[in-house]
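K.L.:
Attaching a single structure in structure tokens format; questions to follow.
The values are calculated or read from the model by the stated rules, or taken from the named source; none is laboratory data. Since the model is a prediction, treat every value here as computed from it, not as a measurement. Cβ coordinates were reconstructed from backbone atoms using ideal geometry, including for glycine residues, and neighbour counts include every protein chain displayed.
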Amino acid sequence: MHPTLPAIEVMPRDLSAYRQGNVGVDYVHRFESGVPGPHVLVNALTHGNEFCGMVAACHLLDTGVRPARGTLTVSFANVAAYETFDPARPFESRQITHNFNRIWSEEWLDGDQDSVELRRARAMRGVVADADHILDIHSTSQDVEPFWVYPDFARNARVASALAAPAVHLVMPQGLGSGTPVIQHGRHGRADSTAGAALVAECGQHFKQSSADLALTVTLDFLGHWGLIERPARAVAAPRRFELLRTHVVAHADFRFTRPVIGFETFAQGELIAMDGDQLIHAPCDDCTLFMPTREPVVGREGVYLTRPLAG
């Protein structure tokens, strides 16, 4: 039995008007202020069915947002997957072949495999590498509280903590453990790098209007933080921080959780969380907190992130 399909409050729009970019890469638009300042990349549609980023990126382009200093680049990533969206199968347009957000290592980008996603990532490689700061806008399959995701570097934590939302931070001391995401490409993936901040904003459930609204707020706050636009500061509360301990990739078609989960459920140390064939997945610590448990298991894709809450 398949899970119930969610209501679709935000539908995809025709992006053909944005195809002709100005840097030699389709769907990539760059605006230079002529005033010294950082180069900020706002990236949408890393996954084809995560519409909130599309809404935010279209707003920037439709309303003529231009940087007062530095450089702004706006990109739509996996448009090919986005264009396959079918409301009857809304989760299947996430990707065509490869997860666009796991192939940003030299091994993948310089390798001999081919796919729509790899060709697109290779085309966008220079766009990502050129940026000082990256905001990669995402959403979640389940309706859970929004959260940041970033490598556990001080430069990332400083920026995420300076913004009002999301209030939850998922930090990755050792990366994802299942591939290399956009925000860890090249110098952005190194702790000793002089690169700027590179953050994923998970803005809420894929198809909710509230997710699109938050994506736009986060985007404008991010640009305001770097001084590219004027943006009043908003009150910031102490974040709730979680550390990624392990990413479990589904190995068997009969993967299943021991109880219904959508994310943020907690398990005591040793408690059984899920079964993947004959592999038992136990909580590695007390208050083990689930992030992004799979809605419908697919062999070879992530089943769940196991995390622990961090003090302070």
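K.L.:
Can you tell me how many residues within region 1-24 are over 21 Å from the mean Cα position of the chain (by Cα), assigned to a loop (DSSP other than H, G, I, E, B) and surrounded by 15 or more Cβ atoms within 10 Å (Cβ to Cβ)?
P.N.:
Within region 1-24, the first condition is being over 21 Å from the mean Cα position of the chain (by Cα), and the residues that meet it are 1-5, 7, 14, 16-24.
Of the ones still in play, those that are also assigned to a loop (DSSP other than H, G, I, E, B) are 1-5, 7, 14, 19-24.
Checking which are surrounded by 15 or more Cβ atoms within 10 Å (Cβ to Cβ) leaves us with 21.
Total meeting the criteria: 1.
K.L.:
If I filter region 68-85 for residues that are under 29 Å from G175 (Cβ atoms), touching a Ser or Thr at 6+ places or on another chain (Cβ under 7 Å) and assigned to a helix (DSSP H, G or I), do I get at least one hit?
P.N.:
Scanning region 68-85 turns up at least one residue that is under 29 Å from G175 (Cβ atoms), touching a Ser or Thr at 6+ places or on another chain (Cβ under 7 Å) and assigned to a helix (DSSP H, G or I).
K.L.:
So, one more: Buried (at least 20 other Cβ atoms within 10 Å of the Cβ), part of a helix (DSSP H, G or I) and under 22 Å from the mean Cα position of the chain (by Cα), is that true of L223?
P.N.:
yes
K.L.:
For region 109-139, give me the residue count where each residue is farther than 17 Å from A77 by Cα and buried (at least 16 other Cβ atoms within 10 Å of the Cβ).
P.N.:
Selection size over region 109-139: 1.
K.L.:
Which residues, taken from region 35-70, are free of Cβ contacts under 8 Å to residues at least 60 places away in the same chain and more than 20 Å from S141 (Cα to Cα)?
P.N.:
Of everything in region 35-70, those that are free of Cβ contacts under 8 Å to residues at least 60 places away in the same chain and more than 20 Å from S141 (Cα to Cα) turn out to be V35, P36, C58, L61, D62, T63, G64, R66.
K.L.:
Run down A198, A212, A191 and say which single residue is more than 21 Å from Q142 (Cα to Cα), of a type in the set (A, V, I, L, M) and at pLDDT 95 or above. Working first, answer last.
P.N.:
Working: A212 fails: more than 21 Å from Q142 (Cα to Cα); A191 fails: at pLDDT 95 or above.
Testing whether each residue is more than 21 Å from Q142 (Cα to Cα), of a type in the set (A, V, I, L, M) and at pLDDT 95 or above leaves just A198.
K.L.:
Go through region 107-128 residue by residue and tally those that are of a type in the set (D, E, K, R) and either assigned to a helix (DSSP H, G or I) or within 17 Å of the chain's Cα centre (by Cα) (or both). Don't jump to the end; show me each part of the working.
P.N.:
Let us first name the residues in region 107-128 that are of a type in the set (D, E, K, R), namely 107, 110, 112, 114, 117, 119-120, 122, 125.
So of that shortlist, the ones also either assigned to a helix (DSSP H, G or I) or within 17 Å of the chain's Cα centre (by Cα) (or both) come out as 107, 117, 119-120, 122, 125.
Final tally of qualifying residues: 6.
K.L.:
If you don't mind, another one. Given D287, D221, D192, D213, which one is in the same structural domain as N101 (by TED's automatic domain parsing), of a type in the set (D, E, K, R) and within 16 Å of V168 (Cβ to Cβ)?
P.N.:
Step by step, each of D287, D221, D192, D213 is checked, and only D221 is in the same structural domain as N101 (by TED's automatic domain parsing), of a type in the set (D, E, K, R) and within 16 Å of V168 (Cβ to Cβ).
K.L.:
Would you confirm whether or not region 200-210 contains a residue that is touching a helix residue (DSSP H, G or I) at 6+ places or on another chain (Cβ under 8 Å) and among the small types (G, A, S)?
P.N.:
Among the residues of region 200-210, at least one is touching a helix residue (DSSP H, G or I) at 6+ places or on another chain (Cβ under 8 Å) and among the small types (G, A, S), which makes the answer yes.
K.L.:
Additional query: Specify which of the listed residues (H98, H59) is outside any loop (DSSP other than H, G, I, E, B) and out of contact with any strand residue (DSSP E or B) (no Cβ under 9 Å at 6 or more places or on another chain).
P.N.:
H59
K.L.:
Pick from region 129-159 the residues that are β-branched (V, I, T) and in contact with a helix residue (DSSP H, G or I) (Cβ under 6 Å, 6 or more places away or on another chain): which of them is farthest from Q95 (Cα to Cα)?
P.N.:
If we take residues in region 129-159 being β-branched (V, I, T) and in contact with a helix residue (DSSP H, G or I) (Cβ under 6 Å, 6 or more places away or on another chain), then I134 is farthest from Q95 (Cα to Cα).
K.L.:
Working only within region 42-67, note down all residues that are surrounded by fewer than 24 Cβ atoms within 10 Å (Cβ to Cβ) and hydroxyl-bearing (S, T, Y).
P.N.:
Once the filter is applied, which keeps residues that are surrounded by fewer than 24 Cβ atoms within 10 Å (Cβ to Cβ) and hydroxyl-bearing (S, T, Y), region 42-67 yields only T63.
K.L.:
Filter region 263-312 down to the residues that are part of a loop (DSSP other than H, G, I, E, B) and basic (K, R), then identify the one that is farthest from T180 (Cα to Cα).
P.N.:
R295
K.L.:
I'm checking my understanding of the structure. Among residues of region 179-193 that are more than 26 Å from V236 (Cβ to Cβ) and surrounded by fewer than 18 Cβ atoms within 10 Å (Cβ to Cβ), which one is farthest from the chain's Cα centre (by Cα)? Full working, then the answer.
P.N.:
Of all residues in region 179-193, those more than 26 Å from V236 (Cβ to Cβ) come to 179-180, 185-187, 189-190, 192.
Of the ones still in play, those that are also surrounded by fewer than 18 Cβ atoms within 10 Å (Cβ to Cβ) are 186-187, 190, 192.
Values: G186: 17, R187: 18, R190: 18, D192: 23 Å.
Across region 179-193, the extreme among qualifying residues is D192.
K.L.:
Follow-up. Go through region 1-41 and give me each residue that's hydroxyl-bearing (S, T, Y) and over 27 Å from A123 (Cβ atoms).
P.N.:
Within region 1-41, the subset hydroxyl-bearing (S, T, Y) is 4, 16, 18, 27, 33.
Selection gives T4 alone.
K.L.:
Looking at (1) of a type outside the set (D, E); (2) closer than 22 Å to A198 by Cβ; (3) touching a Phe, Trp or Tyr at 6+ places or on another chain (Cβ under 6 Å), which is the only condition R66 fails?
P.N.:
It is condition (2) that R66 fails.
K.L.:
Across region 240-262, what is the number of residues that are within 18 Å of R308 (Cβ to Cβ) and surrounded by 19 or more Cβ atoms within 10 Å (Cβ to Cβ)?
P.N.:
Final tally of qualifying residues: 5.
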